[in-house]
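Q: Provided herewith is a single structure, encoded as structure tokens, for subsequent inquiry.
The values are calculated or read from the model by the stated rules, or taken from the named source; none is laboratory data. Because the structure is a prediction, the values reported are computed rather than measured. Reconstructed Cβ throughout: ideal geometry from the backbone, glycine too, with neighbour counts over all protein chains shown. Keep in mind that these areas ignore ligands, DNA and RNA; they rest on the heavy atoms of the full protein, side chains included. Shrake-Rupley method; radii C 1.70, N 1.55, O 1.52, S 1.80 Å.
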Amino acid sequence: MPPMKVVYTPRHQAHDVSRETYLGQPIPANEVAERAERIREALVADGGFELVEPTEHGLDPILAVHDPGLVRFVAEAWEQGRRAGIERTYLVADTYPVRAMFEGLSHEALARLREPREIGGRIGWWGLDSGNPIVEGTYAAARWAVDVALTAAELVLDGGEVAAYGLCRPPGHHAARSLAGGYCFFNNAAIAAHAVAARSGEPVAILDVDIHHGNGSQQIFWRRRDVFYASIHADPLTLYPYFLGHADEVGEGPGAGANFNQPLPPGTDDAVYLEAVDRALDAISETNGSVVVVSLGFDTYRDDPIGTFALTTPAYHEIGRRVASLGRRLVILQEGGYHRPSLGDNARSWLAGVAGRELDPGPAGGRGPEGARIPG
Ligand code: Q9C
Ligand code: ZN
């Protein structure tokens, strides 16, 4: 079996964050460079993967999905924050245009709202949450993450690969057309899905298995019939992004019925999760098209520091196997997952499942009691 191609660049390290804030308090950052390095190391050590550099795709594929104002903001934010003169190692938002501020305004009045000039207003205008640090290299890394995703899509579209994995960092699925948040700046999966749909003329499905609802992907394709979005995530009443991800959000207009949310309770285990995977795959198999973009998160893992599910490493092998059994080509893009010691084994497990390859138990010093052994 030929090795699966893994698109990776060390340029992600430019997004060099060490702190984020939670409820106003600085805490150690979750979405750190070590995440991608752990995954790369494990895949290289495995031997069943081939690393490929991303190629540059420019701004057009990003602007096909995002507001040019968001792109300008992400490009300018750090430098503008620096000019504001306060010594800092990272920048997060302070004031947000929240819904209650605009209660009673007409559509016309809402349409007259405009982006402020000052950084303190701009960062709230374009941002979802105050736990999303921006540093000097954020824009460069976010641009490369998009190139990683688009390169993975091309390996599948033009390169004859049945599946390719893009080790995107920063992640993307919380970024909406005009919004950054949740460690995301540009929506790698949405940009790749749109590019695949535009290039192939076929509908595309996105399967989002990060524990957080991909509010950005849902928003971008809310009114589109050509991109089906299926997400399995923690009930938004219990976890970020809190305000979207309910089961009654099904899309509108031409997109009515093309959005499928499965919110699940805290404590969700392998068995309950796999049933949801089967429902998502059944729904995807009802759609046309030959390509599925996977938003892959390992924050469903039982030891994840910000997740609430209880998945195990062998479950990832089984999920990868079931997703591959759809018989569609797969563009697999990394989203979240914050328990650093398990990221390598979990990625290896998922991707080996896709490749239909059994895994030996991990090396000594590998993960917890369940190791990486696949039962049965
Ligand atoms: N104290 C992704 O997994 N806030 N994003 C967490 C933790 C945001 C996660 C707060 C979590 C976003 C791509
Ligand atoms: Zn997540």
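Q: List the strands (runs of 3 or more DSSP E) inside segment 1-48, counting only whole elements, that have at least 1 residues being open to solvent by 10 Å² or more (accessible area, probe 1.4 Å), modelled with pLDDT of 95 or more and within 15 Å of residue 339 (Cβ to Cβ).
A: Ranges flagged: 25-28.
Q: Taking segment 269-325 on its own, how many of its residues are outside any helix (DSSP H, G or I) and β-branched (Val, Ile, Thr)?
A: Residues in segment 269-325 being outside any helix (DSSP H, G or I) and β-branched (Val, Ile, Thr): 9 in total.
Q: Given (1) in a loop (DSSP other than H, G, I, E, B); (2) under 15 Å from residue 294 (Cα atoms), where does residue 191 come up short, assuming only one miss?
A: Tallying (1) in a loop (DSSP other than H, G, I, E, B); (2) under 15 Å from residue 294 (Cα atoms), residue 191 fails exactly one: (1).
Q: What number of residues within segment 290-344 satisfy the criterion of being hydroxyl-bearing (Ser, Thr, Tyr), open to solvent by 40 Å² or more (accessible area, probe 1.4 Å) and more than 14 Å from ligand 1 (Cβ to nearest atom)?
A: 1
Q: Hey, among 267, 251, 255, which residue is of a type in the set (Gly, Ala, Ser) and surrounded by fewer than 19 Cβ atoms within 10 Å (Cβ to Cβ)?
A: Result: 267 is the single residue among 267, 251, 255 that is of a type in the set (Gly, Ala, Ser) and surrounded by fewer than 19 Cβ atoms within 10 Å (Cβ to Cβ).
Q: A further question follows. When both residues are 6+ apart or on different chains and their Cβ atoms are under 6 Å apart, which pairs have a first residue that lies in segment 85-101 and is under 11 Å from residue 132 (Cα atoms) and at pLDDT 95 or above, and a second that is in a loop (DSSP other than H, G, I, E, B) and open to solvent by 60 Å² or more (accessible area, probe 1.4 Å)?
A: Note: no pairs meet the criteria.
Q: Continuing with the same structure: Can you tell me which of (1) open to solvent by 40 Å² or more (accessible area, probe 1.4 Å); (2) more than 16 Å from ligand 2 (Cβ to nearest atom); (3) within 24 Å of residue 302 (Cα to Cα) is the one residue 198 doesn't meet?
A: (3)
Q: In addition: Among the candidates 287, 238, which residue alone is of a type in the set (Val, Ile, Thr), open to solvent by 10 Å² or more (accessible area, probe 1.4 Å) and within 20 Å of the chain's Cα centre (by Cα)?
A: 238
Q: Right, something else. Just to be sure before I move on: is residue 182 modelled with pLDDT of 95 or more and more than 13 Å from ligand 1 (Cβ to nearest atom) in the structure I sent?
A: Considered against the rule, which asks whether it is modelled with pLDDT of 95 or more and more than 13 Å from ligand 1 (Cβ to nearest atom), residue 182 comes out as no.
Q: Among the residues of segment 281-316, write down those that are under 22 Å from residue 174 (Cα atoms), small (Gly, Ala, Ser) and more than 16 Å from ligand 2 (Cβ to nearest atom).
A: none
Q: Quick check: anything in segment 62-81 open to solvent by less than 20 Å² (accessible area, probe 1.4 Å) and either over 20 Å from residue 139 (Cα atoms) or in a loop (DSSP other than H, G, I, E, B) (or both)?
A: Scanning segment 62-81 turns up at least one residue that is open to solvent by less than 20 Å² (accessible area, probe 1.4 Å) and either over 20 Å from residue 139 (Cα atoms) or in a loop (DSSP other than H, G, I, E, B) (or both).
Q: If residue 225 meets every condition in (1) assigned to a loop (DSSP other than H, G, I, E, B); (2) surrounded by fewer than 24 Cβ atoms within 10 Å (Cβ to Cβ); (3) within 16 Å of ligand 1 (Cβ to nearest atom) apart from one, which number is that one?
A: All conditions are met except number (3).
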